[in-house]
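Below is one structure; the comments refer to it alone.
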């Protein structure tokens, strides 16, 4: 097992975790997180591997650039809500790289007694809103927080990462409309548009329509990016954060990114041997 | 609070929200296009920057209130009880799982919205809220208790559901000058033959039933439990030991409400014969709540009748 992963990486990365601007470092961070997600998949077939891999670069850039932090009690802090809570293993991986949980804890994910539940729970106090899992609710919570921060005059921003399949839940539009009504410039919805949901490709299950036009029709300035390109993600976040307008980001991604056997499919699980093999094949030192 | 006697429950709610807002700057109110109907708008008129109307979206409203609580505020989320219930899963998975104090206020409960009929008559809300671990569930009897329930939950550390009516006002607790306290039941009239226990507006009818029984030579204890959860189990058990027979009555389904809560407690602590009175319907349109209460048998005479029957059969 130790051959697949050098715990030494963890300490190196924890020092550069909080304010990475260099694209190469962000890319390396994503690579290491991807490797840890695969490691967790080897230990727990119940994790949502494909979803964790599609959202991985989005979360890497949010944490890696210091927008989101694992333990920040300050009143001016930003908030990050992973509304698609089933992809939480991408956050667990980044948390391990930062040093806040150990690699051994990652191996225990989903076990009875592990704090790393397969949807985030209160035991992980370093996740801002650790009770997602039921789809469609994170945006409303984010809107409430953003209203509160705005009223207090706080500079904190609220990033809500939402799945494309999740947009089937009508509550997501209730919440997006509320944010638009209140012109919440401190609220940043990021849609992980991986084109796949539980029963298949989104266009086969239920088309999401022309999402860019839907959102712009609601009043959002819509930014589209390649959701696996950390440079593009960092740039668009810089742009959004320097504006007080109503912004939304659509990040086009691939479900299962990095695992050809499940890429662009609804498959969430891979055999343990394959997962371990992939862990050993991923090399992150460019 | 003598002026509350003259106010309807929803007017008392509007007044209470304003007073809570005066007392604590962190109190915020969220509503779902029913600011006028619930009188939450009084708060909005006094504190426009602490009042958020999210439109007709109760599920969203629960999430927004949860977010405001996370950001350090003390939210009251006010909507029609019936339509707040469509957000049951949001209530379970957001404030309950987080264990944070979001105060949900459901108005137009029970038969209080007589005109609108079954679609608007919330007769299952106590059951739905009571099944949630950690949720405080309050059904005030009148405007005085409604006012107190709001003011006493400003500093709650648990999520709360307060069930409020509309215009029908039977100011029994106001008249009796009873002291409302979250989590406590109280005895309104002592007696040893049988107990009548009410929640919500049924206090008025329970007390009247007690008088009817007295005329018939039956000494009935009447108690009121505005808080359904956490249940005042100490008082429940004391009443069971004192009277040996209990009639519960609520403007709510006979399944899952106060009667169920008391039966769950007593069947495991001190079983006594019980009659659980309430509704077994989804409701109907009518000209007044009183007409509906009578139609569905929630009258003082019927309560007295069931109590009498219980007294005569329980001891054989």
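Per the listing A:235, A:231, the residue uniquely more than 14 Å from chain B (Cβ to nearest Cβ), assigned to a helix (DSSP H, G or I) and out of contact with any helix residue (DSSP H, G or I) (no Cβ under 6 Å at 6 or more places or on another chain) is A:235. Output yes when any residue across region B:241-248 is closer than 22 Å to residue B:125 by Cβ and out of contact with any helix residue (DSSP H, G or I) (no Cβ under 8 Å at 6 or more places or on another chain), and no when none is. Scanning region B:241-248, I find no residue that is closer than 22 Å to residue B:125 by Cβ and out of contact with any helix residue (DSSP H, G or I) (no Cβ under 8 Å at 6 or more places or on another chain), so the answer is no. Scanning region A:134-151 for residues that are within 7 Å of chain B (Cβ to nearest Cβ) and outside any helix (DSSP H, G or I) returns A:134, A:137. It is to be established whether one or more residues within region A:162-178 are touching a strand residue (DSSP E or B) at 6+ places or on another chain (Cβ under 6 Å) and within 11 Å of another protein chain (Cβ to nearest Cβ). No, region A:162-178 has no match at all. The residues in region A:247-256 that are in a loop (DSSP other than H, G, I, E, B) and buried (at least 22 other Cβ atoms within 10 Å of the Cβ) can be counted, and the count is 3. If you filter region A:194-226 down to residues that are assigned to a strand (DSSP E or B) and touching a helix residue (DSSP H, G or I) at 6+ places or on another chain (Cβ under 9 Å), you find that the one that is surrounded by the most Cβ atoms within 10 Å (Cβ to Cβ) is A:196. Inside region B:106-132, residues that are buried (at least 20 other Cβ atoms within 10 Å of the Cβ), over 26 Å from residue B:151 (Cβ atoms) and out of contact with any strand residue (DSSP E or B) (no Cβ under 7 Å at 6 or more places or on another chain) make up a count of 2.
Taken over region B:40-56, the criterion of being in a loop (DSSP other than H, G, I, E, B) and in contact (Cβ under 8 Å) with a residue 24 or more places away in the chain is satisfied by B:40, B:47, B:54, B:56.
For (1) outside the structural domain of residue B:218 (by TED's automatic domain parsing); (2) within 18 Å of the chain's Cα centre (by Cα); (3) in a strand (DSSP E or B); (4) in contact (Cβ under 8 Å) with a residue 60 or more places away in the chain, each residue gets a yes or a no:
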position	(1), (2), (3), (4)
B:252	no, yes, yes, yes
B:255	no, yes, no, yes
B:259	no, yes, no, no
B:262	no, yes, no, yes
B:272	no, no, no, no
B:275	no, no, yes, no
B:285	no, no, no, yes
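Only one residue in A:63, A:43, A:11 is at pLDDT 70 or above and over 16 Å from the mean Cα position of the chain (by Cα), so which one is that? Step through it out loud before you land on a result.
Numbers: A:63 fails: over 16 Å from the mean Cα position of the chain (by Cα); A:11 fails: at pLDDT 70 or above.
Checking each option against the conditions leaves just A:43.
Out of all the residues in region B:301-316, is one or more modelled with pLDDT of 95 or more and within 25 Å of residue B:107 (Cβ to Cβ)? No: region B:301-316 contains no residue that is modelled with pLDDT of 95 or more and within 25 Å of residue B:107 (Cβ to Cβ). Looking across region A:211-255, just one residue is within 18 Å of the chain's Cα centre (by Cα) and more than 25 Å from residue A:20 (Cα to Cα), and that is A:255.
Per-residue answers, yes or no, for (1) buried (at least 24 other Cβ atoms within 10 Å of the Cβ); (2) without any contact (Cβ under 8 Å) to a residue 60 or more places away in the chain; (3) within 13 Å of chain A (Cβ to nearest Cβ):
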residue: B:58; (1), (2), (3): yes, yes, yes
residue: B:66; (1), (2), (3): yes, yes, yes
residue: B:69; (1), (2), (3): yes, yes, yes
residue: B:72; (1), (2), (3): no, yes, yes
residue: B:87; (1), (2), (3): yes, yes, yes
residue: B:90; (1), (2), (3): yes, yes, yes
residue: B:104; (1), (2), (3): yes, yes, no
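Name every residue in region A:104-115 that is assigned to a loop (DSSP other than H, G, I, E, B) and over 26 Å from residue A:75 (Cα atoms), in order of residue number. Once the filter is applied, which keeps residues that are assigned to a loop (DSSP other than H, G, I, E, B) and over 26 Å from residue A:75 (Cα atoms), region A:104-115 yields A:108, A:109, A:110, A:111, A:112, A:113, A:114. The set of residues in region B:15-39 that are surrounded by fewer than 24 Cβ atoms within 10 Å (Cβ to Cβ) and in a helix (DSSP H, G or I) comprises B:15, B:18, B:19, B:20, B:21, B:22, B:23, B:35, B:36, B:37. If the condition is being without any contact (Cβ under 8 Å) to a residue 60 or more places away in the chain and buried (at least 24 other Cβ atoms within 10 Å of the Cβ), then region B:223-235 contributes B:223, B:225.
Checked against (1) within 18 Å of the chain's Cα centre (by Cα); (2) buried (at least 17 other Cβ atoms within 10 Å of the Cβ); (3) not in a helix (DSSP H, G or I), residue A:262 passes all but a single condition, namely (1).
Looking at region B:68-183, the strands (runs of 3 or more DSSP E) lying wholly inside it that each contain 3 or more residues that are closer than 30 Å to residue A:77 by Cβ sit at B:74-80.
Being within 26 Å of residue B:232 (Cα to Cα), crowded, with 24+ Cβ neighbours inside 10 Å and within 14 Å of another protein chain (Cβ to nearest Cβ) is the requirement here; does residue B:161 meet it?
Details: within 26 Å of residue B:232 (Cα to Cα): yes; crowded, with 24+ Cβ neighbours inside 10 Å: yes; within 14 Å of another protein chain (Cβ to nearest Cβ): no.
Answer is no for this residue.
Within region B:31-53, the set of residues being out of contact with any strand residue (DSSP E or B) (no Cβ under 6 Å at 6 or more places or on another chain) and at the interface with chain A (Cβ under 7 Å from one of its Cβ atoms) comprises B:49 only.
The values are calculated or read from the model by the stated rules, or taken from the named source; none is laboratory data. This one's a predicted model, so the numbers in the text were calculated from it and none came from an experiment. Note that we place each Cβ from the backbone using ideal geometry, even for glycine, and neighbour counts take in every protein chain shown.
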